[in-house]
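The values are calculated or read from the model by the stated rules, or taken from the named source; none is laboratory data. Please read all numbers here as calculations on a predicted model, not as lab measurements. Because the Cβ atoms are built from the backbone with ideal geometry, glycine has one as well, and the counts that use them run over all protein chains shown.
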Amino acid sequence: MELVISLAIGIVFGSGIWLVLRPRSFQVLAGLMLMSYAVNLFIFVMGRLWVDAPPLTHAGTTPNPALLADPLPQALVLTAIVIGFATTALYLVVMIGSRGLTGTDHVDGKEPEL
Amino acid sequence: MSLHWTQHLILVPVLLPLLVGALLAPLTQGWHRLKYWLSYASLLGLLANAVALIAMTDGGHWQDGMGIYLAANWSAPFGIALLADRLSALMLLLTAVLGLASLHFTRTRWGRIGVHYHTLFQFLLMGINGAFLTHDLFNLFVFFEVMLAASYGLVLHGYNAERIRASMQYIAINLAAALLFLLGTALIYATTGTLNMADLAARVPLLAGDELALFKVGATVLALAFLTKGAMWPLGFWLPTTYAAASPPVAMMLVLMTKVGAYVVLRLWLLIFSDNAGAAAGFGGDALLYGGMATIVFGAAGMLSTDTAGRMAGYAAIVSSGTLLAVIGYGQPALVTAGIYYLIGSTIAVAAFLLLIELIDRIRTPRSAMLALTMEAFAVEDAPDEQTGRGVPAAMAFLSLAFAACALMIAGLPPLSGFVAKFGMFHALLNPHGIGAGTVAVPTSGWILMVLIILSGLLAVISMMRFGVRTFWASGATEAPKLHRSEVAPILFLLGLSVLMTVQAEPMFGYLKRASDDIHRPATYIYRVLAEPTVPGTTSATPSPLSSKEAP
C-alpha cells in the first residue's frame, strides 16, 4: 500500500511540475492544481496509513490510541484544501484578466517571437 | 483566576485589522473618506498596541520578556500559542509604522481607485502581524496565506497590463512556494509529531537516524518556501518585476513581506538548529551564509544593470535580504543584533525610496529621460550658456534632498542609519566577543562577507548617483511637479524615523541586544511556552505536557 500511494503521489506531483513549466497559463493552472492534490495526499499520508481506524473517539469511553488514526493531518488537509482552492480560483481570475487585457494566454503576457 | 487583561493585547494585532477589514468590506466607494479614516484609526490602534507590547516585554511586566496567549485555552503543544517577545513586538511596531506611512500616501489617489483597497490592506496587516506572533507552524502557514492572498489583490490594484503580467508570475511562484511550505510542515509533523515551535525545539535533539534525515529534508523544503518569500538567490527572480509593477504604497508593504520571510528564518533557524539541538545543531548555516552572499552579489549587479527606479528599489531589497540571510547563517549573536538593526533601517529606506519614485516620476517625463540618455551616449556637454538667477523650487529641492537621503541609507554611507547598521555589523564581525576580549582570528567567510557588504554599498552608490544625475541634473525639467501634502508627509516621516534611529542608536542597540539574547536562549523559551498555564475552571484540566519532562 505504501509503495502504491507514494508512486501515485510522485506521478501526480511530477505531472504537475511538468505542466507548471509549460508556457500557457491554463497549463500552469492545471499544474498547480495537480501539485496541490499531490501535496494534500502527502499530508494525509504523513499521519501514517491506517485501515479501518476512525479519527474520532466515542464520547464516554476511554479511547485506545492504537486503534485510532491520527486526526491532525486530516484537519490540516481540510485547511490546505480550502486555502488551495481559494488561491487557485483567484489565479484563474487573474488568468482570465490577463487573457482579456493582453490578448494572449502566454504566461509572459506576449507571444514569443518565432 | 482569569487572564490578566494585558495578555489580550497579544491578540489585538490580529483581531483589530480583521474586524476593521470586515467592517469596511460592505461599504461602497461613496464612503471612501469614512473607509480611509476607519483604516487610519485601526493603524493608530496597532501602533499604540505595538508600543504597549514593547513596553511590556522590555519593562519586565512579563517574565523573561515573553507574553504568551494560548488560543482557546488549550495548553501549549495541543493548541496554538501566540507569543510576543521583544523581537516580535518590534516587528509589529515596524509593520504599524510602515502601514501608517503607506496608508497616508494613498489618501489623495491610490485609495480611491479601487473599491476594496482598504479591506485588502487591513487583511494584509492581519497576515503580517499574525506571522510575527504565531508559534505554531501550521498557523504560520495560514497567516502566510492570508498575507499573500491580500497581497495578490493589492499588487493588482490599479489594474493594467503590466500589473497583470507581474501578478501572473508573482501568484504562480507563491502558490508553488505555499505547496513547499505544506510539504515541509507535513514532513516535520511526520518525524516529530508536533507543530508547536517550542515543542518542536524540545524534540529535535532526540531525533536520530532516518527520522533525523527526514526531518532535515522537511526543514529544507520549509526553508525553501521562506527563502522564496525572502528572495534568496536563485529564488528571488520574481521580486524586481513585481516591485516595479505594483503601485508604490503596495510595493512598500511588499518590502516588509520579504522581511517576514527573513524574520521566520531568523526565529525558526535559531530555535530549531540551536547549539542545544544535538545532532541537528547548525544544520544549513553554510547554505544560508553562502546563499546570502550570492544574493548580495545578484542584487548589487542587478542594481547596476537597471535604470528603472522601481527595479532598482527591488534589487536594493534583494541586497538587504541577502545581507540579512548571510548574517543569520554566520551564526553569531552579536552580529544578529546589528542584523536586526539593519533589517529595520533598510526596510524603512527602501520603503521611503519606493514612495519617492512615484513623485520623482512626475518630473521624469519620457522625453527628458530619453534626452538625458542620448546626451550621455554621445557625450554631449550640456553647459548652460548663462547663469540664470532662478531659485530651485521647493518641490524640486524636497525631491532631490529626499532622494539623496534614501541613497545614503540604501548605500550605507554616513550620517544616516544605513551606516550605523553596517558599522555595527563590521564591529560584530571583527570583535566576536566584544571589545577588549582579546583578538580573535576572523574566519575567511567573515572577511568575504565584509568585502561583499562594502562592494554592494559601492555599487548602490554608483547606480543611485547615476539615476540621480540623470533625473535631477540632466533632465531639463523646468517646472516643479505638483506634490500633495499627504504624499510628502509619509516620506518625511520615514526619513525622520531613520534620523531618529541614528541619533538613538545606543538605546536601540541595547533593546536589540536583549531581543537577540532572547532568541538565542531556546531553553527558556521552550520552558515558558510549554509551562504556560491555562485558565482553570472553564474546561476540564488538560494534562500538563511538562509533567513527564524535566524543566531546564
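Residues of the stretch A:73-94 include at least one that is within 29 Å of B:Ile188 (Cβ to Cβ), in contact with a Pro (Cβ under 7 Å, 6 or more places away or on another chain) and at pLDDT below 90. Of everything in the stretch B:56-76 that is on the phi > 0 side of the Ramachandran plot and touching a helix residue (DSSP H, G or I) at 6+ places or on another chain (Cβ under 6 Å), the residue that is surrounded by the fewest Cβ atoms within 10 Å (Cβ to Cβ) is B:Asp64. Looking only at residues of the stretch B:186-199 that are surrounded by fewer than 24 Cβ atoms within 10 Å (Cβ to Cβ) and part of a helix (DSSP H, G or I), we find that the one that is nearest to the other protein chains (Cβ to nearest Cβ) is B:Ala190. Looking across the stretch B:90-115 at every residue that is over 22 Å from B:Lys513 (Cα atoms) and among the β-branched types (Val, Ile, Thr), the one that is modelled with the highest pLDDT is identified as B:Thr106.
Scanning the stretch A:1-18 for residues that are aliphatic (A, V, I, L, M) and closer than 16 Å to A:Ile81 by Cβ yields A:Ile9, A:Val12. For the stretch B:142-152, a residue qualifies if it is more than 8 Å from chain A (Cβ to nearest Cβ) and not polar (S, T, N, Q), and the qualifying residues are B:Phe143, B:Phe144, B:Val146, B:Met147, B:Ala150. Check A:Gly47 against each of (1) at the interface with another protein chain (Cβ under 9 Å from one of its Cβ atoms); (2) more than 30 Å from B:Phe215 (Cα to Cα); (3) in contact (Cβ under 8 Å) with a residue 24 or more places away in the chain; (4) under 17 Å from the mean Cα position of the chain (by Cα) and name the one condition it does not meet. Answer for A:Gly47: the failing condition is (2). Within the stretch B:1-32, being farther than 18 Å from B:Ala96 by Cβ and of a type in the set (A, V, I, L, M) holds for B:Met1, B:Leu3, B:Ala22, B:Leu23, B:Ala25, B:Leu27. The number of residues in the stretch A:19-42 that are under 14 Å from the mean Cα position of the chain (by Cα), more than 12 Å from A:Gly84 (Cα to Cα) and among the aromatic types (Phe, Trp, Tyr) comes to 1. Only one of the numbered conditions (1) assigned to a helix (DSSP H, G or I); (2) surrounded by 18 or more Cβ atoms within 10 Å (Cβ to Cβ); (3) touching an Asp or Glu at 6+ places or on another chain (Cβ under 9 Å) is not met by B:Leu93, and that is (3). Considering the conditions (1) more than 11 Å from chain B (Cβ to nearest Cβ); (2) touching a residue at least 24 places away in the same chain (Cβ under 8 Å); (3) in a helix (DSSP H, G or I), A:Leu19 is excluded by exactly one of them, (2).
With respect to the conditions (1) surrounded by fewer than 20 Cβ atoms within 10 Å (Cβ to Cβ); (2) within 11 Å of chain B (Cβ to nearest Cβ); (3) of a type outside the set (Asp, Glu), A:Val77 lacks only one, and its number is (1).
In this structure, B:Leu214 does not satisfy being over 17 Å from B:Thr134 (Cα atoms), within 12 Å of another protein chain (Cβ to nearest Cβ), in contact with a Phe, Trp or Tyr (Cβ under 8 Å, 6 or more places away or on another chain) and in a helix (DSSP H, G or I).
For the stretch A:50-74, a residue qualifies if it is more than 14 Å from chain B (Cβ to nearest Cβ) and of a type in the set (D, E, K, R), and exactly one does: A:Asp52. Taking the stretch B:115-133 as the range and being away from every other protein chain (no Cβ under 14 Å) and either without any contact (Cβ under 8 Å) to a residue 40 or more places away in the chain or outside any helix (DSSP H, G or I) (or both) as the test, only B:Val115 passes. Of the set (1) surrounded by fewer than 16 Cβ atoms within 10 Å (Cβ to Cβ); (2) within 12 Å of chain B (Cβ to nearest Cβ); (3) not polar (S, T, N, Q), all apply to A:Leu41 but (1). Applying a threshold of 9 Å to beta carbon distances and a minimum spacing of six or more residues, or different chains, the list of pairs starting in the stretch B:326-351 at a residue that is on the phi > 0 side of the Ramachandran plot and ending at one that is of a type in the set (A, V, I, L, M) reads B:Gly331/B:Leu270; B:Gly331/B:Leu288; B:Gly331/B:Leu289. Filtering the stretch A:57-74 to residues that are more than 17 Å from B:Leu195 (Cα to Cα) and surrounded by 10 or more Cβ atoms within 10 Å (Cβ to Cβ) leaves A:Thr57, A:Pro63, A:Leu67, A:Leu68, A:Ala69.
Comparison of A:Ser98, A:Ser6 shows that the only residue that is within 9 Å of another protein chain (Cβ to nearest Cβ), part of a helix (DSSP H, G or I) and at pLDDT 85 or above is A:Ser98.
Residues in the stretch B:124-165 that are modelled with pLDDT under 90 and among the polar types (S, T, N, Q): B:Asn160 only. The residues of the stretch B:154-185 that are within 8 Å of another protein chain (Cβ to nearest Cβ), assigned to a helix (DSSP H, G or I), over 22 Å from A:Gly47 (Cβ atoms) and not polar (S, T, N, Q), listed by number, are B:Ala161, B:Ile164, B:Arg165, B:Met168, B:Ile171, B:Ala172, B:Leu175, B:Ala176.
Whenever a residue of the stretch B:30-48 is without any contact (Cβ under 8 Å) to a residue 60 or more places away in the chain, its partners that are crowded, with 17+ Cβ neighbours inside 10 Å and assigned to a helix (DSSP H, G or I), lying with C-beta atoms within less than 8 angstrom and at least six residues away or across chains, give the pairs B:Ala41/B:Val20; B:Leu44/B:Leu100; B:Gly45/B:Val12; B:Gly45/B:Leu16; B:Leu47/B:Leu93; B:Leu47/B:Ala96; B:Leu47/B:Val97; B:Leu47/B:Leu100. Is it true that A:Ala86 is surrounded by 14 or more Cβ atoms within 10 Å (Cβ to Cβ), within 23 Å of B:Ser151 (Cα to Cα) and either within 12 Å of the chain's Cα centre (by Cα) or within 10 Å of chain B (Cβ to nearest Cβ) (or both)? In short, no. Given the condition closer than 30 Å to B:Met396 by Cβ and either out of contact with any Cys (no Cβ under 8 Å at 6 or more places or on another chain) or small (Gly, Ala, Ser) (or both), answer yes or no: does some residue in the stretch B:320-331 qualify? Yes.
Looking only at the stretch B:191-226, residues that are under 20 Å from A:Ala38 (Cα atoms) and touching a Leu at 6+ places or on another chain (Cβ under 7 Å) come to 8 in all. Just one of (1) more than 11 Å from chain B (Cβ to nearest Cβ); (2) touching a residue at least 60 places away in the same chain (Cβ under 8 Å); (3) in contact with a Phe, Trp or Tyr (Cβ under 8 Å, 6 or more places away or on another chain) fails for A:Leu29. It is (1).
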